[in-house]
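Trainee: So that we are looking at the same thing, I have put the structure below in structure tokens.
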Amino acid sequence: KMTQQMRDLQLAQARKPPGPSSPNAAKRLYRNLSGKFRVNYTSFDEGSLVGRGEKEKLRKSYLFQSNAALFEAVELQDLDRVQELLKQYSPEELDLNTPNSEGLLPLDIAIMTNNAPIARALLQAGAKESPHFVSLESRSLHLSTLVREAEQRVNELTAQVVNEAPNADCSEKEKQLKAWEWRFRLYKRMKAGFEHARVPDAPTNVHLSVASSSSVQVTFWEPLSVNSAVVTKYKVEWSCSPTFSPPLGEAVIDKLKNLHFTIQGLVSGTAYYVRVSAYNMKGWGPPQASVPPCAIPSNWREYDGRAPRRRGQAEALDHLLGQVKTVHQHCVCHEPCKNQPQSRKHSVSKSLKHLFHPGSKFLKTLKRGLYLTAIFYKDDNILVTHEDQIPVVEIDDTYSCLLMQDFLWFTKVSCMWDEILWLRQCVTVSQSSCSCILQTRFKMLLAISQMQGLLGIQDLGQVFFEPVKDKQGNILIVTLKEVKTNQTFESVRWVPICKLQTSRKSVSSPEEPTALDTLLISVQDKLVYHQRSSHALSPGLYLGYLKLCSAVDQIRVLVPEQLPNILCHVKIRSNPNISREEWEWLQKMASVEEPVPTEPEADTSHNPLFHELQVAIKELMTLVNIPLQEAKDFRLYSQEVLDFGDQVSFLLLLPPSDDVCTAPGQNNPYTPRSGFLTLPLQIFELGEQR
């Protein structure tokens, strides 16, 4: 069959008009011609494209050219070009796993020429080896056939060039000869690469860990020596016997971007042995047993049968809120109130006044009082009013001192933006008590409703952790929201942030800026804070440091600026699970009141968690600028592991009990380096919930 294809190729090439004479051009000519024999190529018959349209024809032709370009780049060992094509086209568009006329795939050429960088790039893109090579003998026979037929073709063309007089046909045959000579050398190099290769060595650093009460995870590295052939897949085997007789299961890993595998569906409390082996074109190499040799699926909760802390809490809160709504459904607060208090009458008359002023209802300047501002941003743009002002509405023009309790109440309301109308109706019934606190909070709800109505959106985003104040008695509560879609708003427009900052005319002095000027100057910092506070940690087990400081009206917690929604932390390992055996060891340490492990001990040399904690504690102490000798008095929180979903968990490192919370006026001898801030505890809790 291959010989017949080559003869057909010769006839097809002989009919082609003269072309460029360079070797590369001749090779590309051969590639384009040989592409006619590709499997599933739909352009060989013009009649097959009838009715599809010229655009579809062009697209098919363009994709075929990109496929030919990929083969050419692999054969020329052009890594940059290969990476460019893989980035520009999908595997389907490139026909990445469709054999060419020689029965080869791009990955076959890369591994048989022992080009490891190109082979890895192809493997990460999802490339496979040719299914035609079912055995070593079939691969060897196929390569020998390619070499023999290429050599035969070279001899035939050489004889024709030597015997024929110089003319146009002779020039064309010289181009074909150069192309076939190049291909003959390529096939010989591939054949030599296959013959010299051996099976790969065993994988290295095969590590086994407990992933859950029903799974274990194995991680590994590439073999130290692949023996002149790229590894294209790995095999993970597991058994309850150290001899793997009988084996319980195996899995083949051909996606090599991350060398790890989680074995699911295991029985808790049963020991499982695991080993891993590597494969190249010469076959499977020897297996490597894991370290430790076996693992027992378990979880720290099995130690005392403890249920997850948050199990059912969200459902219970939703049910409770539903009950409250049901009770208030027919309440008098949902009926029109005839006897409105004076503040309500003032609000009504104020709203009637706006009917005669078609301009924006957003405020342009601040007078002594409490205000709400909403910052919506997208990329480097921010929403402003038609007067190029950040949207601001008034909460209370007689309120010049924002109590922390009111601010924290507002932050909790931000979790219920869709329920503002209902909250307003419920608060209204209590206004007759003339409670200053209730009146302030009712005005907050009115301001939120006004902002929502003016913008035409319910969700105002996340509350910034502290209000913006000035010396004139103005206080701004700031909300932040990132817009990721082409969302439309009312009464506002998008402008670049830099343009807004440079074009705004300040009405205050640099020594005493107004709250609006301060907000505009610091808006970039607030946007960075908002973006960072929504970042999530990568899966793993972390060591967190809990440090509090108290003030007259609040407790604040130390957090990193890069992730203000998480405690100061370092990563212990990628596996978030704490096994029952590891938790028993931690409980033993806590029961004898042992200090935090900072130095190795003889009886813990076999405990991986001990060494992981040592490294993590040293890193964490350096991060928060605490001398390592001080950590000897620190403690690990041993009541529970803090689980944040299924992929992130925390162990807490606590200072001595007298130093967990710094009292007002008490000096902290070890001040963290730059890159940290303190958040009100309630703000931190809300951020963690988000």
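Trainee: Ordering 628, 679 by accessible area with a probe of 1.4 Å, largest first, what comes out?
Mentor: 628, 679
Trainee: Could you give P(r) for the range 369-534, binned at 10 Å from zero, as whole percent values over all Cα-Cα pairs?
Mentor: 9, 39, 36, 13, 2
Trainee: Leaving out ligands, DNA and RNA, and with a 1.4 Å probe, what % of the accessible surface on the range 207-298 is carbon or sulfur?
Mentor: Carbon plus sulfur share of accessible area: 57 percent.
Trainee: How much accessible area per residue does the range 369-534 have, counting only protein heavy atoms and a probe of 1.4 Å, in square angstrom?
Mentor: 45 Å²
Trainee: Also, I was wondering about something else. For the range 370-415, what does the alpha-carbon gyration tensor say about shape, rounded, prolate or oblate, given a ≥ b ≥ c as the root eigenvalues, a/c under 1.5 as rounded, and a/b over b/c as prolate?
Mentor: Note, shape of the range 370-415 comes out oblate.
Trainee: Quick check on packing: order 485-491, 265-271, 611-617 by the mean number of other C-beta atoms within 10 Å, highest mean leading.
Mentor: The peptides rank, most packed first, as 611-617, 265-271, 485-491.
Trainee: In the neighborhood of residue 256, defined by Cβ-to-Cβ distances under 15 Å, what is the net charge if each Lys or Arg adds +1 and each Asp or Glu adds -1?
Mentor: +3
Trainee: What does the highest-first list of 209-218, 123-132, 309-318 look like by mean Cβ count within 10 Å?
Mentor: Those peptides, ordered most packed to least, come out 209-218, 123-132, 309-318.
Trainee: Under 15 Å from the Cβ of residue 477, count the other residues' Cβ atoms, weight Lys and Arg +1, Asp and Glu -1, and hand me the total.
Mentor: Around residue 477, the surrounding residues sum to 0.
Trainee: Using modelled backbone amide H atoms (1.01 Å from N, in-plane), which distant-in-sequence or interchain residues come within less than 5 Å of residue 568's amide H?
Mentor: 545
Trainee: Spin-label point model (7 Å from Cα, Cβ direction): what's the residue 319 to residue 525 distance in nm?
Mentor: Placing both labels 7 Å beyond Cα along the Cβ direction yields 4.6 nm.
Trainee: Here's another thing I want to ask about it. What is the set of long-range amide H partners of residue 233 at a cut-off below 5 Å, with H atoms built 1.01 Å from backbone N?
Mentor: Residues meeting the amide H criterion: 279.
Trainee: Over the range 369-534, what percent of the accessible surface lies on carbon and sulfur atoms, probe 1.4 Å?
Mentor: 51 percent
Trainee: From largest accessible area down, sort 436, 549; use a 1.4 Å probe on the protein chains.
Mentor: Of 436, 549, the descending order of accessible area is 436, 549.
Trainee: Still on this structure, I have one more. Suppose the chain between residue 493 and residue 418 were pulled fully straight at 0.36 nm per residue; how much longer would it get relative to their current alpha carbon spacing?
Mentor: Value of the extension gain: 24.7 nm.
Trainee: Another question, if that's okay. Residue-wise, which Karplus ³J(HN,Hα) couplings in Hz belong to the range 462-477, taking 6.51 cos²θ - 1.76 cosθ + 1.60, θ = phi - 60°, and x for glycine or proline?
Mentor: Karplus-based 3J(HN,Hα) across the range 462-477 equals 9, 7, 5, 5, 8, x, 9, 10, 9, 7, 8, x, 8, 10, 10, 8 Hz.
Trainee: Accessible surface of residue 189 in the full protein assembly, 1.4 angstrom probe, to the nearest 10 Å²?
Mentor: 100 Å²
Trainee: Still on this model: Which net charge results for the neighbourhood of residue 197, defined as the other residues with beta-carbon distances under 12 angstrom from its beta-carbon, given Lys and Arg at +1 and Asp and Glu at -1?
Mentor: It works out to a net charge of +3.
Trainee: While we're here: So, R0 is 51 Å and r is the distance between the beta-carbons of residue 552 and residue 124; what FRET efficiency does that work out to, to 0.05?
Mentor: That gives a FRET efficiency of 0.35.
Trainee: Non-local amide H neighbours of residue 542 (under 5 Å, H modeled in plane, Pro and chain starts lacking H): which ones?
Mentor: Residues meeting the criterion, in which the H sits 1.01 Å from N, are 572, 649, 650, 651.
Trainee: Taking the Cα centre as origin and putting +1 on Lys and Arg beta-carbons and -1 on Asp and Glu beta-carbons, what dipole magnitude results for the range 512-654, to the nearest 20 debye?
Mentor: 260 debye
Trainee: Now, a different point. How big is the range 207-298 along each principal axis, measuring the range of its Cα positions in Å and listing the largest first?
Mentor: If we take the Cα atoms of the range 207-298, the spans are 42, 27, 19 Å.
Trainee: By how many nm would the segment from residue 134 to residue 625 grow when fully extended, if each residue of separation counts as 0.36 nm and the alpha-carbon distance is taken off?
Mentor: Difference between extended and current length: 170.7 nm.
Trainee: Could you bin all the Cα-Cα distances of the range 83-179 into 10 Å bins starting at 0 and give me the percent of pairs in each, rounded to whole numbers?
Mentor: Histogram of Cα-Cα distances, whole percents per bin: 14, 33, 25, 21, 7, 0.
Trainee: Rounded to whole Hz and in sequence order, give me ³J(HN,Hα) for the range 512-526 from the Karplus expression 6.51 cos²θ - 1.76 cosθ + 1.60, θ = phi - 60°, writing x for Gly and Pro.
Mentor: 10, x, 6, 4, 5, 5, 4, 4, 5, 5, 9, 5, 4, 5, 5
Trainee: Find how much the distance from residue 637 to residue 98 grows on full extension, using 0.36 nm per residue of separation minus their present alpha carbon separation; answer in nm with one decimal.
Mentor: So the extension gain works out to 188.4 nm.
Trainee: Could you report the accessible area of residue 477 in Å², rounded to 10, computed with a 1.4 Å probe on the protein chains as they sit in the structure?
Mentor: Surface open to solvent at residue 477 totals about 0 Å².
Trainee: Can you figure out the FRET efficiency of residue 561 with residue 404, using R₀ = 30 Å and their beta-carbon distance, to the nearest 0.05?
Mentor: With a Förster radius of 30 Å, E is 0.85.
Trainee: Run the 1.4 Å probe and let me know the accessible area of residue 661, rounded to the nearest 10 Å².
Mentor: Taking all protein chains as shown, residue 661 has close to 50 Å².
Trainee: Something else now. Using the heavy atoms of the protein chains and a 1.4 angstrom probe, tell me the accessible area per residue for the range 207-298 in square angstrom.
Mentor: 46 Å²
Trainee: Would you mind getting the accessible area per residue of the range 57-196, heavy atoms of the protein chains only, 1.4 Å probe, in Å²?
Mentor: Each residue of the range 57-196 exposes 47 Å² on average to a 1.4 Å probe.
Trainee: Next up: Ranked by accessible surface with a 1.4 Å probe, highest first, in what order do 137, 75 come?
Mentor: Descending order: 137, 75.
The values are calculated or read from the model by the stated rules, or taken from the named source; none is laboratory data. Owing to the predicted nature of the structure, the values given are computational and were not obtained by experimental measurement. Glycine also receives a Cβ, built like all others from the backbone with ideal geometry; neighbour counts cover every protein chain displayed. Only protein heavy atoms, including side chains, enter the accessible area calculation; ligands, DNA and RNA are left aside. Shrake-Rupley method; radii C 1.70, N 1.55, O 1.52, S 1.80 Å.
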